[in-house]
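For reference, the structure is listed below as structure tokens.
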Amino acid sequence: MLPLSEPTYLILLALSKEPMHGYGMIKTIADISDGNYEIAPGTLYGVLKNIEKQNLVEVVGVDLLNRKKKMYAITEAGVEALAQEQKRYEQLLAFTYKLKGRE
């Protein structure tokens, strides 16, 4: 499963806050990246389909107030994958700082 693609990582990161529907994920990702990363709906739903098959997310209900949109939640496997990927990113940054003399 690792490494995770950027969209997968950001979707799992958004869902680590709380279950949400697709638009909520798109908005959260844009907000946490200060607008520097915007995920298109087609990309989002393609990734969600794949990571649902991998048991990283699951559909937990339907948001009836928002036109019956599916609500997704991160699974325990998704939490673990996200933590492992975060650790990998941190190691890569540490290697970068070490090489550049910025320990």
- Under 5 Å from the placed amide H of Y72, counting only residues 5+ away or on other chains, we find M20, H21, V60
- What aspartates and glutamates could a cross-link reach from K98, if we take a straight Cα to Cα line under 17 Å and drop same-chain neighbours fewer than 8 places away? E90
- Task: Hand me the trypsin sites (Lys or Arg not before Pro) from region 1-51 located in a DSSP loop with no more than 14 other Cβ atoms within 10 Å, in residue order please.
- Result: K17
- Carbon plus sulfur fraction of accessible area for the chain, probe 1.4 Å, in percent: 53 percent
- Item | Which labelled figure in [x] 25, 17, 11; [y] 34, 15, 11; [z] 28, 15, 11 is semi-axes √(5λ) of the Cα gyration tensor in Å, once derived from the coordinates | [z]
- Between the modelled labels at T43 and A94 (7 Å from Cα along Cα→Cβ) the distance in nm is 2.9 nm
- Query: Given a 1.4 Å probe, how much area per residue of region 19-103 is accessible, in Å²?
  - Reply: 69 Å²
- Determine the calculated [θ] at 222 nm for the chain from helices alone, applying -39500 (n - 2.57) to every DSSP H run no shorter than 4 residues and normalising by the residue count; nearest 500 deg cm²/dmol. -18500 deg cm²/dmol
- Query: Going by average Cβ neighbours within 10 Å, how do the peptides 29-41, 1-13, 67-79 rank, with the highest at the top?
  - Reply: 1-13, 67-79, 29-41
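The values are calculated or read from the model by the stated rules, or taken from the named source; none is laboratory data. Everything numeric in this text was worked out from a predicted model, so none of it was measured. Cβ: placed from backbone, ideal geometry, glycine included. Neighbour counts: every protein chain shown. Remember, those area values only see protein heavy atoms, side chains included, never the ligands or the DNA or RNA. Shrake-Rupley method; radii C 1.70, N 1.55, O 1.52, S 1.80 Å.
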